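Worksheet: the structure to be examined is printed underneath.
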Amino acid sequence: MIHFMPPQATLAPAVALLLLALTACSGGSPGNTSLTVLADTSLSEVGRELGAAYQLSHPEITIKFRYDGSLELADGVKHGQKADAIITDDAQSLQDIRKHVGERTIVARNSLTIAVTPGNPKRIRGLESLSLPRIRVVIGAPLVPVGAYAEAALRKAGVTVRPVSQESDARMVLNQVRTGEADAGIVYITDMKSAGAAASSVPVPAAQNVQAAFPAAVVAKSPHEKAAASFVAWLASADATAVFAKYGFQAP
């Protein structure tokens, strides 16, 4: 007796092979690498353009930024958070986790300004105004970079302030001013670009200002060490510096 195999039985292996091929294609081309870059919140806007610019010249690389305060990022790396590179807003935060990162490269610099409510209704003229009892001031906490920079600038100016709050990063300081919880806050000049019409700025004179360094490094346990090192090196290049400059950062 001749037995005929049902048509669907003969098709099943072919369908399975086709599904496997489609699954492989959906995962992207072989060799594509996705880099996770931890970055301070003050890099939120420039980070997107840096990633896009790098991917144009390195189409095999995808850059994914994750933002938080520098101390939180460093602590995450110290405790094994998976990442390929890290960019903070001070050298000390990476020095504290030097066993967990590679060589540090300064990729940009920044300086401080005073964020005030729109139109500056309190008529704040400079750091000296922040000591007035009627001014509600917010700064970064002493242990976070923007807080340490703010305290250094205040010492230069010979000014003592009693902040109504101390925040974990510059964007949190700015947010307190934007929402009306504070009359003034000391932030990075570059942060003001994200504020729009929600805040105004009063400059800090060069003699009282401080310069913030933004270092980058490869995370020691990165599964893509060579690709991460190439990206970190590119961040200090002329092309990357031009992108940083668009957002108010200074050359390294």
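For this structure, a couple of remarks:
- Nitroxide proxy distance, nm - points 7 Å out along Cα→Cβ at A152 and R109: 1.1
- Relative contact order of the chain, defined on C-alpha pairs under 8 angstrom at six or more residues apart (%): 26
- Cα-based helix-to-principal-axis angle, 44-57 vs the chain, degrees rounded to 10: 40
- When peptides 222-231, 54-63, 144-153 are sorted by average Cβ neighbour count within 10 Å, with the highest value leading, the order is 144-153, 222-231, 54-63.
- Ligands, DNA and RNA are left out, and with a 1.4 angstrom probe the accessible area of the chain is 52 Å² per residue.
- Accessible surface of the chain [probe 1.4 Å, protein heavy atoms]: carbon and sulfur percent: 57
- According to the Cα-based calculation, Rg over Rh for the chain is 1.20, with Rh computed by the Kirkwood formula.
- 3J(HN,Hα) from dihedral phi, segment 177-186, Karplus parametrisation 6.51/-1.76/1.60, rounded to Hz, x for glycine, proline: 6, 4, 8, x, 6, 9, 8, 7, x, 9
- In the structure shown, the pairs K193/K221; K156/K246; K78/K122; K64/K122 are assessed against 32 Å; a Cα-Cα span above that value is assigned to K193/K221; K78/K122; K64/K122.
- Principal-axis tilt of helix 145-157 within the chain, Cα atoms, nearest 10 degrees: 20
- Taking the average, over residues, of other Cβ atoms within 10 Å as the packing measure, peptides 233-243, 131-141 rank 131-141, 233-243 from highest down.
- The order of the peptides 89-98, 65-74 by mean Cβ neighbours within 10 Å, most packed first, is 65-74, 89-98.
- Qualifying aspartates and glutamates (Cα of each under 16 Å from Cα of K99; at least 8 residues distant if same chain): D75, D84, E225
- Overall form of segment 105-252: prolate. Here a/c, set by the Cα gyration tensor axes a ≥ b ≥ c, is 1.5 or more, and a/b is the larger of a/b and b/c.
- Note that segment 162-246 carries a Kirkwood radius of 15.8 Å, evaluated over its alpha carbons pair by pair.
The values are calculated or read from the model by the stated rules, or taken from the named source; none is laboratory data. Quantities reported herein were computed from a predicted structural model and do not represent experimental measurements. Note that we place each Cβ from the backbone using ideal geometry, even for glycine, and neighbour counts take in every protein chain shown. Ligands, DNA and RNA are stripped out before the accessible areas are found, and what is left, the full protein with its side chains, is counted by its heavy atoms. Shrake-Rupley method; radii C 1.70, N 1.55, O 1.52, S 1.80 Å.
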